[in-house]
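Heads up: the structure comes next, in structure tokens.
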Amino acid sequence: MISVKTTQLTKKFGSFTAVDAVDLEVYKGEIFGFLGANGAGKSTMIRMLCGLLMPSSGEALIDGLDIYKESELIKKRIGYMSQKFSLYNDLTVAENIEFYGGVYSLDKKLIRSKKEEIAVSLNLKEEMKRLTRDVPVGLKQRLALACAMLHDPKIIFLDEPTSGVDPKVRKDFWNIIYDLSEHGKTVFVTTHFMEEAEYCHRLSIMQDGRIIALDSPENMKAIHNEKTIQDVFIKLIKRQNNDEI
Ligand SMILES: Nc1ncnc2c1ncn2[C@@H]1O[C@H](COP(=O)(O)OP(=O)(O)O)[C@@H](O)[C@H]1O
Ligand SMILES: [Mg+2]
């Protein structure tokens, strides 16, 4: 089953093309990685898929729904965690959950049970009344993910969810991503960490708005005869730059 399908999806800012005719398919339950340097177009791509940014041209279907015509329905089926954690620092942890529950139109009873569920699963009973700014960054990140998933979406878009956190916290966060995937959720994740790219089921490498490679990390390494994704990445970027000269 296809969760995300794009056809020639393009975003221009004036005469500059940030996302350039991208074709891809992401399958249900898959962890699909978007790897690229700063400015490659990763966030722009995610923003279009979440309905936050209008494409310049091309098509995209999210869970079979058209991003131009069915964006309201799409919002109910997706979760989005932005590059900068999307929690309010000056609200308490509990208030953040209540706020996001309201955004997703959950009723009071459901919000209460979600709060309890999150308190248990993240082991943060003590922290519920604390201001979010005072909560450790790893916990804050998991809380941001929990808030983005209060409405139990099928597809989760994570835009560099692990930037600014240490390797241990990153690894813990990836365990959550695996868990989501095992429960049938589709995870679309951007990163510029090479080791994280290895954790994805399939990976696309983006440069200057274009997908320059798309495959499983294992296949990519085999095809390019390299030991790590970092080596594949360097090789592809070099080749691309030489082609352009
Ligand atoms: N609203 C905007 N207006 C003009 N240029 C933008 C806008 N948003 C992003 N860009 C440009 O598009 C390119 C891709 O940006 P972005 O998608 O944020 O890249 P990434 O997330 O891969 O770092 C960058 O050159 C960026 O400066
Ligand atoms: Mg970005």
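The table below gives the values:
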| read-out | value |
| --- | --- |
| Nearby lysines by direct alpha-carbon distance to Lys129 (threshold 21 angstrom, same-chain neighbours under 8 apart not counted) | Lys108, Lys109, Lys114, Lys115, Lys140 |
| Antiparallel bridges, percent of DSSP beta bridges restricted to the range 2-244 (to nearest 5) | 50 percent |
| Three-way shape call for the range 1-70 based on the alpha-carbon gyration tensor, with the a/c threshold at 1.5 | oblate |
| Under the Debye formula (equal points on every Cα, no solvent term), log10 I(q)/I(0) of the range 2-244 at q = 0.12, 0.13, 0.14 Å⁻¹ | -0.70, -0.81, -0.94 |
| Cα-based reach from Lys5 at 21 Å (exclusive), listing lysines while leaving out same-chain residues under 8 positions away | Lys28, Lys42, Lys69, Lys75, Lys76, Lys154, Lys185 |
| Packing-based order for 27-37, 70-80, 231-241, using average beta carbon neighbours within 10 Å, highest first | 27-37, 70-80, 231-241 |
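Any read-out appearing in this document is the output of simple, stated calculations on the displayed coordinates, not a laboratory observation. Quantities reported herein were computed from a predicted structural model and do not represent experimental measurements. We place every Cβ from the backbone using ideal geometry, glycine too, and count neighbours over all the protein chains shown.
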